[in-house]
Amino acid sequence: MSYAKVFSVGLVGMVGHLIEVEADLAPGVPMVTLTGLPDTALNEARDRVRAALVNSGEQWPNRRITVNLFPASLPKHGSQYDLPVAVTVLAGAGMLPLAPLHGVALLGELGLDGTVRPVRGVLPCIVAAARAGITRAVVPVGNAREASLVPGITIKATDSLRRLIDFVRGCGLLLDPPVSDVEQAYTGPDLADVVGQELGRRAIEIAAAGAHHLFFVGPPGAGKTMLAQRLPSVLPQLEDDAALEVTAVHSIAGTLPPGAPMIRRPPFQAPHHTASAAALVGGGPGMARPGALSLAHHGVLFLDEAPEFGSRTLECLRQPLEDGEVTIQRIKGGATYPARIQLVLAANPCPCAKPSGDIGCECSALNRRRYLSRLSGPLLDRIDLRVKLDAVTSAQLMRDDIVTEPSAALLARVVEARNAATVRWAASGQRTNSEISGTRLRSREFRLTSETTRQLTEEIDKGLLSARGYDRVLRMAWTISDLDGRDRPDASDIAEAVFLRGGAH
């Protein structure tokens, strides 16, 4: 037999495709030819595979070898094809039966000594394989835990090419994946650490309950960063579908901790203000990798010192905030990654940033406007809560009789509010107030009375509020109502939402 074929899986962005790895061995000058739009890492597979086979005790076929990855029109990236290429070369030379691998997807990078090493993106690959009808897969030991998260497909693992060869020949066994724990306790900072700043704590609670975007303005030391870093402590754990998406993104990016189970806690990303647009939205040579925006999917993206970010970098956020995804186009193809995030911005009110705030500020009114105007109007219009924080006083710092509420207490209220929103919007397929369209909010079923929305109507008629801002205030009002246990917002909820919408101005 001079021809053999096995299955593998390739990724284009988040989308997996079933790949047929086939090898043909023919008489002629000994050489290896790879076809099917391989990238550099895949072209180098011929040398890795040769060394791995020889060091595993097998003989390299001294023939003309052609390896094709079908469909040939789909770009192939990465080193996960090493294992299937090695198997097809051996099978094509008649040294390995393929019956035990019928309908099995193979993934894994080979070391020169024959070890099978972990690769990126195994979770979305296995998801794609299961959807394509594959019922069994063999992956590296280091990827077995994440691969086993996908239902409907049997996962086996191998730590070496030798183990896989022995299994196919019927004289060895593959490894079972370790059991995954889905419970992940929150171990980060707690809101009990924040002194004072009742307005900031209220903003955090509302933002968490409705998945709203948030902007803090205040002097250094006011607690902007502390509050933002503690937002994940009051966010509920991710549901199964959301957790699978988040884990898949981190698997592709190579940021999934070794041996980690499915990511159940909302992720938190805080890139430095020197980050480029590519670092934020994704990029890199070949097929673009996900950036901080996608790594924060179903979690929090925190931009501290927001005016210090490049204007081009900040403007890249506008479209993903609306669509919940980011599409990166390259000459060789595009990649779309999910990016449904909670954006949190923090900024000093001026360049001199005196700890006391406005008192003692050395900046002119023009300089203050120029500094904050680095955050464009269209970007700020997409931010629901815009809160100005005052400096913490010495009396607040030194008082011993104040007991601040811990994150667990706020989380309980947030969960109740989100449950109420989930029930209300069940027919729309949405789970949080921030996801509901303005059309739905203004429909006959959910339209608020003119008396309730009088202040909001005046704001938009005076030109102080855009149509987008009008809808965002309505969403916040529904969240405030959910937190307070009411069925519908009243005028006080609208008033609080309007205040929080414009508090940083």
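Values as computed for the structure displayed
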quantity	calculated
Accessible area expressed per residue, region 24-151, with surrounding protein chains retained (probe 1.4 Å, Å²)	39 Å²
Shape call, region 208-251: gyration tensor on alpha carbons, a/c limit 1.5	prolate
Cα gyration tensor category, rounded, prolate or oblate, for region 93-200 with a/c compared to 1.5	prolate
Accessible surface of K354 - all protein chains present, 1.4 Å probe, nearest 10 Å²	60 Å²
Rg and Dmax of the chain, Cα atoms only, in Å	27.4, 88
With every protein chain in place, the chain: carbon and sulfur % of accessible area (1.4 Å)	53 percent
Rounded to 10°, Cα long-axis angle of helix 467-483 versus longest principal axis of the chain	90 degrees
Backbone HN-Hα couplings from phi across region 114-131 [Karplus 6.51/-1.76/1.60, Hz, Gly and Pro as x]	x, 6, 9, 9, x, 10, 7, x, 5, 4, x, 5, 5, 4, 5, 5, 5, 5
For the chain, cysteines whose Cβ has no other cysteine Cβ within reach (under 4.7 Å)	C125, C171, C316, C352, C361
Residues E405 and E305, FRET efficiency given R0 of 25 Å [Cβ-Cβ distance, rounded to 0.05]	0.35
CD proxy at 222 nm, helix term only [per DSSP H run n ≥ 4: -39500 (n - 2.57); per residue of the chain; nearest 500]	-9500 deg cm²/dmol
Reachable aspartates and glutamates from K354, criterion Cα separation under 20 angstrom, eight or more residues apart if same chain	D304, E305, E308, E362, D390
5 angstrom amide H check on V326, placed H, neighbours 5+ away	Y337, A339
Spin-label proximity, R312 to region 259-279 - amide N less than 19 Å from point 7 Å beyond Cα toward beta carbon	272-279
Protection-proxy order for peptides 414-423, 54-63, 221-230, each taking the mean of Cβ atoms within 10 Å per residue, highest first	221-230, 414-423, 54-63
For region 437-505: rounded, prolate or oblate by the Cα gyration tensor [a/c cutoff 1.5]	oblate
Under 5 Å, built H, 5+ apart or other chain: amide partners of Q342	G299, V300, L301
Set of lysines near K462 by C-alpha distance (under 24 Å), chain-local residues within fewer than 8 positions excluded	K388
Nearest-ten-degree value, helix 240-253 long axis tilted from longest Cα axis of the chain	70 degrees
HN-Hα J in Hz across region 264-271 - Karplus 6.51, -1.76, 1.60, θ = phi - 60°, x for Gly and Pro	9, 8, x, x, 10, 10, 9, x
Relative contact order computed over the chain (Cα-Cα under 8 Å; 6+ residues apart), in percent	13 percent
1.4 Å probe accessible area per residue over region 371-505, in Å²	52 Å²
Paramagnetic label zone (point 7 Å from Cα along Cα-to-C-beta, D381; backbone N under 17 Å) in region 418-453	438-439
FRET efficiency, D241 to R370 (Cβ-Cβ, R0 41 Å, nearest 0.05)	0.40
Phi to ³J(HN,Hα) by Karplus 6.51 cos²θ - 1.76 cosθ + 1.60 over region 56-65, Hz, x for Gly, Pro	9, x, 9, 9, 6, x, 8, 9, 7, 10
Lysines with Cα under 20 Å of K5, excluding same-chain neighbours fewer than 8 positions away	K76, K156
Per-pair calculated FRET efficiency, R0 = 56 Å: T35 and D487 via Cβ, rounded to 0.05	0.30
Residue-normalised accessible area of region 189-293, expressed per residue, 1.4 Å probe, Å²	32 Å²
Point-to-point label distance, V54-S443, nm (Cα→Cβ direction, 7 Å offset)	6.8 nm
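The values are calculated or read from the model by the stated rules, or taken from the named source; none is laboratory data. Since the structure is predicted, the reported quantities are computational estimates derived from the model, not experimental observations. Using ideal geometry, Cβ is built from the backbone for each residue, glycine included, and neighbour counts are taken over all protein chains shown. Accessible surface is based on the protein model in full, side chains and every heavy atom, while ligands, DNA and RNA are left aside. Shrake-Rupley method; radii C 1.70, N 1.55, O 1.52, S 1.80 Å.
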